[in-house]
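Worksheet: the structure to be examined is printed underneath.
None of the figures in this text is laboratory data; all of them are computed from the coordinates on show. Since we're looking at a predicted model, the values are computed, not measured.
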Amino acid sequence: MKTEIRQKFIVANWKMHTTSFEAQQLSKSIVEGIAAPDHVTVVLCPPFPYLPIVGDMLRGSRVEPDHVARSRLQICHRGTQ
């Protein structure tokens, strides 16, 4: 009987507590430090304003650029009180 390995995900979600430079450095550090096995999908969920910067940093890495597009965008909404 063949044993199937279930697909696993590592999802990194960070809030708006970064500058564009810090978002770039964080993305770079994640790409350089990734050691996940092939059956693990790594997804980054950066704040909306940093999607282009993070996408550029991920291009050609284990974290594929389309994962950025498919990632869960964070919606920032200031509700009325």
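Data table
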| read-out | value |
| --- | --- |
| Binned Cα-Cα distances of the range 8-70, short to long, each 5 Å bin given as a whole percent | 4, 20, 34, 26, 12, 4, 0 |
| Inter-part distance where the range 19-44 and the range 3-18 are each reduced to a Cα centre, Å | 10 |
